[in-house]
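Worksheet: one structure, shown below.
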Amino acid sequence: MLDQKAEKTFPALAMAIGKGDKLIWQAAAGYADAKNHLRATPETLFGIGSITKVFVAVIILQLVEEGSLTLDAFLADWLAEESLAGVANAETVTVRQLLAHYSGIPSWENQQAWIYAARGREVKPDKIWLPEENLDFIRGKSLLCQPGEAFHYSNSNFTLLGLLIEKVTSHAFEEALRQRIIGPLRLKNTFLETSFSSGRKNLAKRFHRLDAHFIKNAGISAYFKAEPGDLLDVSAVNLSVEWAAGGIVSTAQDVMNFILALKNGKLLNPESMAAMQRWLPADSGEMGLSLFRINTDGGPATGHGGNVLGASACVWWYEKANCAVALLTNVGSMHAAPEADCASALFKNSAAGSLARQIAAHY
């Protein structure tokens, strides 16, 4: 199945399956770099997009467990006024509401000027974005609703939570990730992409869906290259703009080991896990604290998807089957047509989940 998808839809992709607390199967297909004849392997690195948000939630909940923070603390009690200036609801929103996307704060990802600058016609590959630059795109924008009133998915929430982690821990967000998750779980191929890390040799080349929607919504940078199959080669761009909202690069194996550690209580205590899975309405599913819950043909599944320039990914665990699946690809589809192929569409529309459950049943 993976080989077929690599032939027709994704230049490279990787999949991992877990059961209990163990990785039981993994594979990769396609080419990490077709022009140089480098095949994708389980060690090939892909952007994981918003799966990064689950890492952020774990760190926040660890800080709550340690007594350094509370979920109902106001963001404004921690961050400087100049950081929050002009951000709607910044004075009244709580940590819990940020984690659950119930903040009512507009997302910088939905601002036209940001799309042009970060993913489209005005992209500059050598630019390394600072976290607060994203917030500048929402300063002065109207609130979407009052805090706690309704679900509105917003990357801005996680820029703010990343800044909060830095304030509470007195460490850079990247260092907090290493100390609290990457190091303890020995995730050897997981890192936050920065100017120092974007040149790693085992990174897959990055592509994005090229269609009329993307051209209209984002435009095409002079640094993008059109490729066969309605793809844009966007490998020149780094993920520093995503930061705590989606800037982690990883492998299917590492993502699986992370989600299994979370599911099995190795990162958080039972109280935190219960808080994380206290579900609220969220579009077509439910949302806890940075975890989605969706209905599938295999029953309820818990996890998260990700979609950034040049990559898409998803990871889900099936509550009834004691099985988890991670899918990573080097194709993004943000700002393209809603039906454009990406990792989440692959999970939804293919036999990946069913095959994963079948494989898990043999272990």
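Taking SER170 and the conditions (1) touching a Pro at 6+ places or on another chain (Cβ under 6 Å); (2) at positive phi, which numbered condition does it fall short on, given that it satisfies the others?
Of the numbered conditions (1) touching a Pro at 6+ places or on another chain (Cβ under 6 Å); (2) at positive phi, the odd one out for SER170 is (1).
Could you please let me know if THR251 is touching a helix residue (DSSP H, G or I) at 6+ places or on another chain (Cβ under 8 Å) and of a type in the set (Ser, Thr, Tyr)?
It is false that THR251 is touching a helix residue (DSSP H, G or I) at 6+ places or on another chain (Cβ under 8 Å) and of a type in the set (Ser, Thr, Tyr).
Can you tell me which condition SER284 does not meet? The list is (1) open to solvent by 30 Å² or more (accessible area, probe 1.4 Å); (2) touching a strand residue (DSSP E or B) at 6+ places or on another chain (Cβ under 8 Å); (3) in contact (Cβ under 8 Å) with a residue 12 or more places away in the chain, and all the others hold.
(3)
For segment 144-168, name all the residues that are among the polar types (S, T, N, Q), surrounded by 18 or more Cβ atoms within 10 Å (Cβ to Cβ) and in a loop (DSSP other than H, G, I, E, B).
Within segment 144-168, SER154, ASN155 qualify.
Could you say whether any residue in segment 194-203 is open to solvent by less than 60 Å² (accessible area, probe 1.4 Å) and in contact with a helix residue (DSSP H, G or I) (Cβ under 8 Å, 6 or more places away or on another chain)?
Checking segment 194-203: at least one residue is open to solvent by less than 60 Å² (accessible area, probe 1.4 Å) and in contact with a helix residue (DSSP H, G or I) (Cβ under 8 Å, 6 or more places away or on another chain).
Quick test of your reading of the structure: ARG278 fulfils all but one of (1) more than 28 Å from ARG206 (Cβ to Cβ); (2) surrounded by 24 or more Cβ atoms within 10 Å (Cβ to Cβ); (3) not aromatic (Phe, Trp, Tyr). Name the failing condition by number.
It fails just one condition, (2).
Regarding SER290, is this residue buried (at least 22 other Cβ atoms within 10 Å of the Cβ), under 30 Å from ILE215 (Cβ atoms), within 15 Å of the chain's Cα centre (by Cα) and among the small types (Gly, Ala, Ser)?
no
State which residue is nearest to LEU260 (Cα to Cα) when the search covers only segment 1-25 and only residues that are surrounded by fewer than 17 Cβ atoms within 10 Å (Cβ to Cβ) and of a type outside the set (A, V, I, L, M).
ASP21
Could you please give the count of residues in segment 207-233 that are in a helix (DSSP H, G or I) and open to solvent by less than 10 Å² (accessible area, probe 1.4 Å)?
Number satisfying all stated conditions: 1.
I need a count of the residues in segment 94-108 that are open to solvent by less than 10 Å² (accessible area, probe 1.4 Å) and hydroxyl-bearing (Ser, Thr, Tyr).
So the count comes out to 2.
Restricting the search to segment 306-330, which residues are buried (at least 23 other Cβ atoms within 10 Å of the Cβ) and either out of contact with any helix residue (DSSP H, G or I) (no Cβ under 8 Å at 6 or more places or on another chain) or not hydrophobic (A, V, I, L, M, F, W, C) (or both)?
Within segment 306-330, GLY306, ASN307, GLY310, SER312, THR329, ASN330 qualify.
Are any residues in segment 27-42 touching a helix residue (DSSP H, G or I) at 6+ places or on another chain (Cβ under 8 Å) and surrounded by fewer than 17 Cβ atoms within 10 Å (Cβ to Cβ), and if so, which ones?
Across segment 27-42, the qualifying residues are ALA27, PRO42.
Working carefully through the options ASP230, ASP254, ASP211, find the one that is without any contact (Cβ under 8 Å) to a residue 40 or more places away in the chain and farther than 30 Å from PHE74 by Cα.
ASP230 is the lone residue from the list that is without any contact (Cβ under 8 Å) to a residue 40 or more places away in the chain and farther than 30 Å from PHE74 by Cα.
Looking at ARG357, is it open to solvent by 20 Å² or more (accessible area, probe 1.4 Å), touching a Cys at 6+ places or on another chain (Cβ under 8 Å), among the basic types (Lys, Arg) and without any contact (Cβ under 8 Å) to a residue 60 or more places away in the chain?
yes
Six or more apart or on different chains, Cβ atoms under 7 Å: show the pairs whose first residue is in segment 21-38 and over 18 Å from ALA324 (Cβ atoms) and whose second is open to solvent by less than 80 Å² (accessible area, probe 1.4 Å) and among the β-branched types (Val, Ile, Thr).
So the pair list comes out as ALA32/THR44.
With ASP126, ASP136 as the choices, which residue is open to solvent by 50 Å² or more (accessible area, probe 1.4 Å), modelled with pLDDT under 95 and of a type in the set (Asp, Glu)?
From the options ASP126, ASP136, the qualifying one is ASP126.
Can you report the number of residues in segment 74-93 which are in contact with a Lys or Arg (Cβ under 7 Å, 6 or more places away or on another chain), closer than 14 Å to LEU164 by Cα and open to solvent by less than 30 Å² (accessible area, probe 1.4 Å)?
1
Of the residues GLN111, GLN179, which single one is of a type outside the set (Asp, Glu), out of contact with any Leu (no Cβ under 6 Å at 6 or more places or on another chain) and either crowded, with 23+ Cβ neighbours inside 10 Å or touching a residue at least 12 places away in the same chain (Cβ under 8 Å) (or both)?
None of the other options fit; the residue is GLN111.
Test each condition in (1) farther than 14 Å from VAL308 by Cα; (2) touching a Pro at 6+ places or on another chain (Cβ under 8 Å) for TRP243 and report the one that comes out false.
(1)
The values are calculated or read from the model by the stated rules, or taken from the named source; none is laboratory data. Note that the coordinates shown come from a computational prediction; the quantities given were computed from them, not determined experimentally. Counting neighbours? That spans all protein chains shown, and the Cβs are built from the backbone with ideal geometry, glycine included. Accessible surface is based on the protein model in full, side chains and every heavy atom, while ligands, DNA and RNA are left aside. Shrake-Rupley method; radii C 1.70, N 1.55, O 1.52, S 1.80 Å.
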